[in-house]
1. Going residue by residue through the stretch 177-200, is there one that turns out to be hydroxyl-bearing (Ser, Thr, Tyr) and farther than 13 Å from Leu274 by Cα?
2. Test each condition in (1) of a type in the set (A, V, I, L, M); (2) at pLDDT 90 or above; (3) crowded, with 16+ Cβ neighbours inside 10 Å for Ile106 and report the one that comes out false.
3. Would you mind stating whether Glu98 is within 21 Å of the chain's Cα centre (by Cα), closer than 16 Å to Thr39 by Cβ and modelled with pLDDT under 95?
4. Could you go through the stretch 81-88 and let me know if any residue there is modelled with pLDDT of 90 or more, surrounded by 15 or more Cβ atoms within 10 Å (Cβ to Cβ) and part of a strand (DSSP E or B).
5. Have a look at Ala258, Ala218 and point out the one that is at pLDDT below 95 and closer than 15 Å to Tyr172 by Cα.
6. How about the stretch 175-213: which of its residues are among the hydroxyl-bearing types (Ser, Thr, Tyr) and surrounded by fewer than 19 Cβ atoms within 10 Å (Cβ to Cβ)?
7. Restricting to the stretch 253-278, and then to whatever is within 17 Å of the chain's Cα centre (by Cα) and of a type in the set (Gly, Ala, Ser), can you tell me which residue is surrounded by the fewest Cβ atoms within 10 Å (Cβ to Cβ)?
Amino acid sequence: MTFNRPTFTLVAMILSVGFITPHYAQDEVPEHPVVKPMTGATLSPGSTFLEFGRLPLSFREDGRSVRMEAEGNHWHLDYQLQDTTTGRDEIMANYESEARRIGGDILNRTGTRLLFRLTRPGGGVTWCRLDTRSGGRYILEIIDEAGLDLSIEFDADALLEALDRDGQVAIYGILFDVDRADLRPGSGQVLDTIATILKADSALRLEVAGHTDSTGSAERNRELSRARAGAVVSALALYGIDRDRLIARGYGPDQPVADNATEEGRQQNRRVELIKQQ
């Protein structure tokens with residue numbers, strides 16, 4: 001029997017963390033805004049939402065064992081499918097397929113459990129552990145880690161001042177799809193500002209440097225960072241900026257500014273830098 005896949009919706013979210021609240025009443029437990037239930041699933045008693053919670057995680061990545069604790073908004077969602085003959089494999093296949101479709105990382109799969117990670121717009125991370133039971137029942141444990149407030153908003157004057165003072169500046173407001181060089185909506189304001197300073201000073205030349213965290217292979221990250229830097233140059237060319245004034249380079253994970261062992265550090269390492277050329 002074929003079931004509809006769960007519907008996932010990517011939503012930019014502002015998260016409030018750091019305050020512990022009591023469990024919501026059963027009819028007040030909110031659905032997760034991204035990870036949705038399968039068709040025909042209803043929420044069971046015992047489901048909860050906390051504005052702050054912790055979830056221990058264990059998986060292998062890049063050939064090493066990772067043990068960590070995710071912190072943030074916490075959902076414990078206990079679902080029961082109307083068709084109680086739905087098997088565990090079918091439930092896991094539905095969620096795995098949708099997680100991959102929207103660019104998620106499958107971190108671990110056993111006979112009854114699936115662990116995956118989604119990177120949200122704005123840099124936050126969603127961790128989801130699916131625990132399947134018999135009789136069409138399954139439980140989603142979800143943590144939304146808030147993104148760091150790294151998108152310092154430069155106006156044209158402040159950006160030019162930073163370049164004149166330091167010779168380079170890190171930009172976090174240029175957004176890309178996961179593991180791709182496609183610019184996401186929301187990048188336009190920063191690109192507008194960069195184009196403004198380039199138009200105001202025809203002698204200004206910039207290196208656009210792409211950087212990644214250490215997740216995945218180093219060579220893939222170097223390739224990805226080069227492509228992302230090139231995408232920024234191509235976008236600026238649409239503003240009428242001469243490509244000869246821009247140099248696109250990708251450094252992958254080779255120039256970290258923070259510890260890749262933490263999610264906060266990895267977020268800081270995923271950046272675009274503008275470097276003033278003499």
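The values are calculated or read from the model by the stated rules, or taken from the named source; none is laboratory data. These numbers come from a predicted model, not from an experiment. Methodologically, a virtual Cβ is constructed for each residue, glycine included, from the backbone with ideal geometry; neighbour enumeration extends over all protein chains shown.
1. yes
2. Result: Ile106 fails condition (3) only.
3. yes
4. Among the residues of the stretch 81-88, at least one is modelled with pLDDT of 90 or more, surrounded by 15 or more Cβ atoms within 10 Å (Cβ to Cβ) and part of a strand (DSSP E or B), which makes the answer yes.
5. Residue meeting the stated conditions: Ala258.
6. Selection gives Ser187, Thr196, Ser202.
7. If we take residues in the stretch 253-278 being within 17 Å of the chain's Cα centre (by Cα) and of a type in the set (Gly, Ala, Ser), then Ala261 is surrounded by the fewest Cβ atoms within 10 Å (Cβ to Cβ).
Here's the yes/no breakdown for (1) surrounded by fewer than 17 Cβ atoms within 10 Å (Cβ to Cβ); (2) assigned to a loop (DSSP other than H, G, I, E, B):
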site	(1), (2)
Glu31	yes, yes
Val35	no, yes
Thr39	yes, yes
Thr42	yes, no
Leu57	no, no
Arg60	yes, no
Glu69	yes, no
Asn73	no, no
